[in-house]
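Single-structure report; data block below.
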2 protein chains.
Amino acid sequence: MKREDRKQAIMDLLISEGAVDLEDLAQRFAVSKMTIHRDLDDLEAAGVMRKIRGGGTIDAGTQFESDFRFRAQQDRDAKNIMAQAALALVEPGMTVMINDGSMAAILGARLVEKRPLTVITNNAAVIDALKGEGGITLIATGGAYSAKFNGFFGMVTEATLSALRADIAFISAPAVAGVEVFHMDETIVRAKRAMMAAGTKTYLLVHHSRFGRTALHKLADISEFEAVITDTAPEPASITALTQAKISLTVAAEQEG
Amino acid sequence: MKREDRKQAIMDLLISEGAVDLEDLAQRFAVSKMTIHRDLDDLEAAGVMRKIRGGGTIDAGTQFESDFRFRAQQDRDAKNIMAQAALALVEPGMTVMINDGSMAAILGARLVEKRPLTVITNNAAVIDALKGEGGITLIATGGAYSAKFNGFFGMVTEATLSALRADIAFISAPAVAGVEVFHMDETIVRAKRAMMAAGTKTYLLVHHSRFGRTALHKLADISEFEAVITDTAPEPASITALTQAKISLTVAAEQEG
DNA sequence: TCACAAAATAACAAAAATTCTGTTGCGTTT
DNA sequence: AAACGCAACAGAATTTTTGTTATTTTGTGA
């Protein structure tokens with residue numbers, strides 16, 4: 001077990017337990033307390049937890065939930081198959097918009113498979129992945145950088161998006177309840193809305209576990225999207241709601257071999 | 001001498017000689033030919049040279065001259081002392097604009113020394129260096145990414161800049177002749193002009209060897225800048241021209257200990 | 001076209017550099 | 001006073017770099 005794995009394991013514990021004990025961790029991983037200290041220092045520096053005397057805690061639901069570096073680790077498989085399904089909608093030559101989020105980052109990086117493309121994004125991970133790639137015209141929206149969401153937001157972003165147009169816009173969201181889509185952050189809601197307005201067709205990407213949840217701000221009615229893409233089937237109640245609203249739901253896992 | 005140093009030395013040789021001999025390099029650096037092979041492979045992969053049988057060459061003046069990865073290595077000392085001089089003009093709390101180019105990249109990264117700051121830039125290297133830094137509000141202009149110049153340009157960039165304002169704008173340029181400033185690329189001239197227009201005070205950064213040169217497009221009259229910063233004294237004719245035009249010239253090297 | 005020498009590459013092993021860990025000692029906190 | 005956190009050093013484990021050898025490719029001239 002390497003250092004990164006151990007740190008990830010500590011994060012897993014933090015999620016389920018809410019707090020970890022330093023001595024306990026040292027025993028569990030069979031390393032010295034000093035090593036655990038260093039791991040916790042790193043995690044704290046990365047902003048995903050807080051060190052306390054004798055261990056560490058996580059202020060659940062707050063900055064932790066929203067830390068991209070951690071989210072990027074989660075559910076990579078689920079995100080990959082959703083990206084696969086989204087990719088099927090893209091044809092070479094198109095102009096594609098990609099919003100913030102780790103899901104979108106994975107999809108963005110895989111857009112090279114459909115070159116040539118024009119890609120418009122405010123997602124820093126996508127910019128990094130695509131710059132330097134031939135056959136991709138990369139347009140960054142600009143904006144104020146947010147370390148929390150690893151992307152660019154604010155008035156600049158919205159103004160830029162209002163002046164652009166894309167064939168497809170992929171929007172991801174952390175909460176869908178009934179026929180409404182939510183996000184906890186107002187700034188990001190604004191950016192996503194601007195992107196939706198700029199896309200001829202817009203698709204919503206949602207992890208199956210995010211159905212039946214809400215967040216502070218309403219982002220959109222689900223009917224504003226061409227279709228909804230998810231990884232595996234969400235709970236029946238959500239499916240019913242979508243069916244009644246005549247929304248097309250693509251379950252990516254069922255498409256594959 | 002480490003690997004990177006050796007590769008840089010090989011590049012230096014390539015600049016002066018135009019071509020290098022593999023066997024000769026192996027002797028000169030007292031390493032095996034295999035090691036040189038690997039160095040050349042790396043340099044070729046980085047796109048700064050071409051491997052040929054028995055050595056390597058550089059297609060001088062073409063893609064090489066314009067490759068930012070290589071330029072970033074050049075004259076690091078000169079750029080650092082210019083950055084030092086420019087930094088002296090920045091006070092915490094200010095809003096600072098940084099344009100494209102490797103000189104600007106070095107200055108941009110060192111802006112952390114003056115936190116807190118708001119930094120507006122279209123330079124990808126600056127964005128990478130500053131994102132994640134606390135105390136820096138980072139605003140990217142957005143725009144179409146150019147691998148050649150490692151930055152963002154075009155209509156989006158210009159539109160964004162026209163809606164922003166900064167206390168100081170640092171503009172770098174590759175050619176100054178008499179009282180006129182030049183750049184070879186039209187797209188970049190546009191971005192630089194937009195940035196100049198958005199800065200309350202604008203400063204020009206020019207390497208001393210770039211005086212007395214022209215390029216295809218005129219960027220500005222030198223009188224449009226508050227002052228000109230260079231590394232060491234340029235040739236007398238250029239100094240005379242600046243003096244007569246009553247332009248303030250800061251020679252960074254003369255400021256230091 | 002063919003042969004052959006020189007060069008390029010691949011694969012493995014040794015060496016060097018870097019990263020990771022544990023220990024110890026000392027100052028802090030409870 | 002006991003437990004904890006932290007800094008500094010040293011040894012261990014990894015990763016990167018390098019050299020050697022074997023094999024393949026390339027260019028040249030007959």
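The values are calculated or read from the model by the stated rules, or taken from the named source; none is laboratory data. As the structure is a prediction and not an experimental result, all values here were calculated from the model. Note that we place each Cβ from the backbone using ideal geometry, even for glycine, and neighbour counts take in every protein chain shown.
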Q | Qualifying strands (runs of 3 or more DSSP E) (wholly inside segment A:98-196; at least 1 residues being closer than 20 Å to A:Val206 by Cβ) | A | A:117-121, A:151-153, A:166-172, A:175-177, A:180-183
Q: Starting from segment A:231-256, take each residue that is touching a residue at least 40 places away in the same chain (Cβ under 8 Å) and list its partners that are basic (Lys, Arg), counting only C-beta distances under 8 angstrom and pairs at least six apart or across chains.
A: A:Asp231/A:Lys79
(Q) So, A:Pro116, is that one touching a helix residue (DSSP H, G or I) at 6+ places or on another chain (Cβ under 6 Å) and more than 12 Å from chain B (Cβ to nearest Cβ) or not? (A) no
Q. Restricting attention to segment A:82-105, and to residues there that are closer than 21 Å to A:Met184 by Cβ and free of Cβ contacts under 8 Å to residues at least 60 places away in the same chain, which single residue is surrounded by the most Cβ atoms within 10 Å (Cβ to Cβ)?
A. A:Ala105
(Q) For segment A:13-34, which positions are at pLDDT 90 or above, at negative phi and surrounded by fewer than 15 Cβ atoms within 10 Å (Cβ to Cβ)? (A) A:Glu23, A:Asp24, A:Gln27, A:Ser32, A:Lys33, A:Met34
Q: Determine, yes or no, whether A:Val206 is under 15 Å from the mean Cα position of the chain (by Cα), more than 20 Å from A:Met94 (Cα to Cα), surrounded by fewer than 24 Cβ atoms within 10 Å (Cβ to Cβ) and β-branched (Val, Ile, Thr).
A: no
Q. What single numbered condition from (1) more than 14 Å from DNA strand C (Cβ to nearest atom); (2) closer than 30 Å to A:Phe149 by Cβ fails to hold for A:Asp21?
A. (2)
Q: Within segment B:119-152, track down each residue that is farther than 23 Å from B:Gln84 by Cβ, more than 10 Å from chain A (Cβ to nearest Cβ) and surrounded by 21 or more Cβ atoms within 10 Å (Cβ to Cβ).
A: B:Phe149
(Q) I want to confirm something. Restricting to segment A:6-38 and keeping residues that are within 11 Å of DNA strand D (Cβ to nearest atom), more than 15 Å from A:Ile52 (Cβ to Cβ) and not hydrophobic (A, V, I, L, M, F, W, C), which single residue is farthest from the other protein chains (Cβ to nearest Cβ)? (A) A:Ser32
Q. Filtering segment B:53-81 down to residues that are within 25 Å of B:Ile120 (Cβ to Cβ) and either at pLDDT 80 or above or within 16 Å of DNA strand C (Cβ to nearest atom) (or both), which residue is surrounded by the fewest Cβ atoms within 10 Å (Cβ to Cβ)?
A. B:Asn80
Q) Of B:Ile171, B:Ile188, which residue is under 22 Å from A:Ile136 (Cα atoms), touching a residue at least 60 places away in the same chain (Cβ under 8 Å) and away from chain A (no Cβ under 11 Å)? A) B:Ile188
